[in-house]
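First the structure, in the form of structure tokens, and then the observations on it.
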Amino acid sequence: MKSTSEIHVLLDDEISPRRISRRELAQALLAGAAAGLISPLSSAIHPIRKHLLNAALLDSADARLSAKNGDLLFLSAQQFAALDVLSEAIVPGSRNAQSAAFIDLLLSADTHEAQQMFINSLSAFESASQNNLHSAIISLSTSQLHDLLTSLYASDSTGLEHFSHLKDWIAGAYYSSEVGMRELGWTPDRVFATFPSCSHPDGHA
């Protein structure tokens, strides 16, 4: 006969869903992409792809994001705040998935070239915000932020390349999280033959 404490442990296990590791989620995401079921990233050579194959880095991300200590590894506080706002605007739910913190971790382990590309894209957003709306990204209203993203995403915009680059970082971070994968129809106990279409990366500009 089980003790009371053992029964409580069993009940807790049944009530609390198993925490899915970022490594497992990334594997499922990349498998779906390889099978042509989903393509959250527009570029096949985007820097985030190699990070989603790095098991050790993904395992360290689980520990760091769970700790929520708030310390940044690469981005400045101002850059992080802007990225957090942009992430939530481009892919709603990104804040809940800690996308900005995950990207900060990945950038800290990336090459100087990849880091500079990211900073250039983020700076292009900030410059456009200052030049067109005379305000920092973190101070924009919802409608102003929408206008900024729409202008940068326009096919004739000089900021389109920067938009696409930043969007892939954000989409990769979000859809390799549990909340992002579940949005796509994935569950840990069932494999879907197809995924529903993903509209966030382009649909919320």
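The values are calculated or read from the model by the stated rules, or taken from the named source; none is laboratory data. In this text the structure is predicted, and so the values were computed from the model without any measurement. All Cβ positions, glycine included, derive from the backbone under ideal geometry; neighbour counts span all protein chains shown.
Quick notes on this structure:
- The set of residues in the range 66-110 that are acidic (Asp, Glu) and in contact with a Lys or Arg (Cβ under 7 Å, 6 or more places away or on another chain) comprises Asp84, Glu88.
- For the range 114-140, the set of residues classified as assigned to a helix (DSSP H, G or I) and more than 16 Å from Thr150 (Cα to Cα) consists of Ala114, Gln115, Gln116, Met117, Phe118, Ile119, Asn120, Ser123, Ile138, Ser139, listed by residue number.
- Residues of the range 90-105 classified as surrounded by 19 or more Cβ atoms within 10 Å (Cβ to Cβ) and out of contact with any Leu (no Cβ under 7 Å at 6 or more places or on another chain), total: 4
- If you go through the range 62-89 and keep only what is surrounded by 19 or more Cβ atoms within 10 Å (Cβ to Cβ) and either part of a loop (DSSP other than H, G, I, E, B) or at pLDDT below 95 (or both), you end up with just Leu75.
- Hits in the range 122-150 - residues which are closer than 15 Å to Ala81 by Cα and in contact (Cβ under 8 Å) with a residue 40 or more places away in the chain: Leu122, Phe125, Glu126, Ala136, Ile137, Ile138, Leu140, Leu145
- Residue list for the range 170-183, restricted to those being over 21 Å from Asp147 (Cα atoms), surrounded by 20 or more Cβ atoms within 10 Å (Cβ to Cβ) and of a type in the set (A, V, I, L, M, F, W, C): Ala173, Met181
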